[in-house]
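A quick write-up on the structure given underneath.
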Amino acid sequence: IPLLMLTYKLDADYIRRYLGDLTPLQESCLIRLRQWLQENHKGKIPKDQHVLRFLRARDFNLDKAREFLCQSLTWRKQHQVDFLLDTWERPQLLQDYYTGGWHHHDRDGRPLYILRLGQMDTKGLVRALGEEVLLRQVLSINEEGLRRCEENTRVFGRPISCWTCLVDLEGLNMRHLWRPGVKALLRIIEVVEANYPETLGRLLILRAPRVFPVLWTLISPLIDENTRKKFLVYAGNDYQGPGGLVDYIDKQILPDFLGGDCMSDIPEGGMVPKSLYRTAEELESEENRLLTDSIYKSASIFKGAPYELLIEITEASSVITWDFDVSKGDVIFNIYHSKRAPQPPKKDTLGAHGITSLGAVNAQVIDRSWLLGKDYSMVEKALTCREGESVQGSHVTRWPGFYILQWRFHSSPACSASSLPRVDDVLASLQVSSHKCKIMYYTEVLASHDFRGSMTSLESSHSGFSQLSAATTSSSQSHASSTISR
C-alpha cells in the first residue's frame, strides 16, 4: 500500500508540473485512457499532454475521447505525420510568399505564431503549390507548436499546452474571398480541428476590415465552439489602446509592423508570379496525398467539340459560381438553361451539387437535335476569354432545371483583305494550330443565403496585387457577373 500511495503521489506531482491542475475524476480519465492505449494501441503511444487535449475536447467523456483520439492516431500513422518535421522540406516559394512565422511567446509563456493574412496572395499560393503543400505547411506549424509547448513547459517551469496565434488582417479585401481559396481553407480547418484539438489558447485578430464578417461567416461553422470563445477581434487601430495587444504580448517583443520594438523576419508576401502556376495534372500527381482530391479540374476543348458541365438546380435563386484559367488557346464561355433532362452521359461523372462534367470524350450535354430558343436558351451573353486570362464569375438562377456551362474553341477572325495580319494574330494562330484549348476550372453551387457579399467581391476585385477589368451583364431574368484578370 505505501508503494502504491508513493506512485500515486508521484503521478499527481507530475500532472501538476506538466499537465496542470486536474480533478480526481479528470486524473482518473487520463490514467484509464493511457492504460487502454498501452494495452490495445499498436503503434507509438502519444504523450500525456496530447491525450489530455482529446479528453478536454470531449469534456472528459472517456468513450468519446477514445474514439476521437484513435481516429487521429490512425490518420497520423497513415500519413506519417510523426515524421513530418524531420522529413518535409518547405519549397522555396512557400518560404518567400507564405506570410507567417513563429515569434517568441506571449505574456503567459505560450509560443506565439504571427500570420499576416492580409498580405498573402492566397490564389497564387493555391495555384502554384496546391492544397496539398499548403496543408502540409499548416500541419508542420501545428507539429512545431506542439514541440514549442513542450520546450516552453521546461523553460517556464509550468504546464504550457497551447499557443497563441496573432492574425494581422491589414490588406484583407474581397480578393481573399476567392471561392477556391476559401474552399481550400475550409478543408484545411477540418483536418486541423480533427487532429489538433485544444492547441489554440488564444487567437488575436488585428485590423479587421469591413469584409471580415463575410469571411468569418464562411469559416466559423467548422470551428469548435470552445475554440471560437478564444477569439479576440480588434478593428482598425483598437489593438493599440487599453485592453489591446500589450495585455497579452510584451511590447519589447511586439513586431515593429504592429508598433512594437522587435524586428520580425516574417515574409511580407506579394504576388506569386503566374509563371509559377502549375497545371491541374501536376497538382493531382502529388504522392502520399493527405487530401483525396483537388479543387481544380482540367479540361481540353477541341474545335467542334466543346467542353460542358451540366448542373441541376432544384431551387430558384441558387448561385452557380465559377473560376477558371485559360492555359492554352482562346475560348468562348456560355451559360445555357433547359427544362428538359439531357440524355445520361456515357460515363458516370456525377459529382457534388449535381454537377456532371462532359468533355469531348463523352456525349455532349446539348443534343445536336435541340433548337436554341426552343429546347434550351442562352441565359447570359457569351464571354470571349483569351489565353492566359483568369475568369471568376457567378450566375444567380431564376428557374429550376438544368444549367449548362460551356467552353467552346474560339478561332481568331480572319483579317480583311485591306489589312495585313498583326504579329500577335500570327503568333496566336500558330499557338492554336492544333485546334485544342485547355482550361483549369472550379465550380460550386451555393444557396442564395450563403452567397452574401460575393457579388460585391466580383465587382470590387481591384487591388494592389492585380489590375482587373470587369465585364458585367445583367437582365430581368438573372444576375451574372464575371471578372477577368490578365
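The values are calculated or read from the model by the stated rules, or taken from the named source; none is laboratory data. Computed from a predicted structure; not experimentally measured. With ideal geometry, Cβ positions are generated from the backbone for all residues, glycine too; neighbour counts draw on all protein chains shown. Protein only, heavy atoms only, side chains kept; ligands, DNA and RNA dropped before computing areas. Shrake-Rupley method; radii C 1.70, N 1.55, O 1.52, S 1.80 Å.
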Quiz item: Where does the charge balance sit around Ile160 when Lys and Arg score +1, Asp and Glu -1, over other residues with C-beta under 13 Å from its C-beta?
Solution: +4
Quiz item: With r defined as the distance between the Cβ atoms of Met271 and Ser369 and R0 fixed at 56 Å, what FRET efficiency is calculated, to the nearest 0.05?
Solution: 0.70
Quiz item: What's the local net charge at Ala208, with K and R +1, D and E -1, over the other residues with C-beta under 14 Å away?
Solution: 0
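Could you tell me the convex hull volume per residue, in Å³, taken over the Cα atoms of the stretch 177-231? Walk me through the intermediate numbers first.
Numbers: hull volume 4.4 nm³, N = 55.
Dividing the Cα hull volume of the stretch 177-231 by its residue count gives 80 Å³.
What pairs in Lys274/Lys297; Lys328/Lys374; Lys230/Lys297; Lys183/Lys374; Lys183/Lys438; Lys251/Lys274 have C-alpha atoms more than 28 Å from each other?
Correct reply: Lys328/Lys374; Lys230/Lys297; Lys183/Lys374; Lys251/Lys274.
As an exercise, take the mean of 1/r over every pair of distinct alpha carbons in the stretch 137-199, invert it, and state the Kirkwood radius in angstroms. Intermediate values should be presented prior to the final figure.
Working: mean 1/r = 0.0724 Å⁻¹.
Value: 13.8 Å, from the Cα pair sum.
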Quiz item: When we measure straight from the Cα of Lys44, which lysines land under 24 angstrom away, once same-chain ones fewer than 8 places off are left out?
Solution: Lys64, Lys77
Quiz item: Considering amide H positions built from the backbone, and no H for Pro or chain starts, which residues 5 or more places from Lys328, or on another chain, come under 5 Å of its amide H?
Solution: Gly388, Lys438
Self-check item: Value in Å of the Kirkwood radius, where the stretch 71-222 supplies the Cα pairs that are averaged
Solution: 16.4 Å
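What FRET efficiency, computed as 1/(1 + (r/R0)^6) with R0 = 25 Å and r the Cβ-Cβ distance, is obtained for Lys230 and Arg16, rounded to the nearest 0.05?
Numbers: r = 23 Å, r/R0 = 0.93.
In this case the efficiency is close to 0.60.
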Quiz item: Relative to the present Cα-Cα distance, how much length would full extension add between Met378 and Leu62 at 0.36 nm per residue of separation?
Solution: 107.9 nm
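Using 0.36 nm times the number of residues separating Phe156 and Glu193, minus their current alpha carbon distance, what extension gain do you get? Walk me through the intermediate numbers first.
Numbers: separation 37, 0.36 × 37 = 13.32 nm, distance 2.75 nm.
Here the answer is 10.6 nm.
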Practice problem: Over every pair of different alpha-carbon atoms in the stretch 77-133, take the mean of 1/r and invert it; report that Kirkwood radius in Å. | Solution: 13.5 Å
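P(r) tail for the stretch 9-108, what percent of Cα pairs lie past 17 Å? Working shown, then result.
Numbers: 3112 of 4950 pairs.
Cα-Cα pairs in the stretch 9-108 separated by more than 17 Å: 63 percent.
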Quiz prompt | Net charge over other residues, Cβ less than 9 angstrom from the Cβ of Lys123 (K, R count +1; D, E count -1) | solution = 0
Practice problem: Express in Å², to the nearest 10, the accessible area of Met271 obtained by rolling a 1.4 Å probe over the protein heavy atoms while all chains stay in place. | Solution: 70 Å²
Self-check item: Dimensions (Å) - the stretch 197-260, Cα atoms, principal axes, largest first
Solution: 35, 28, 19
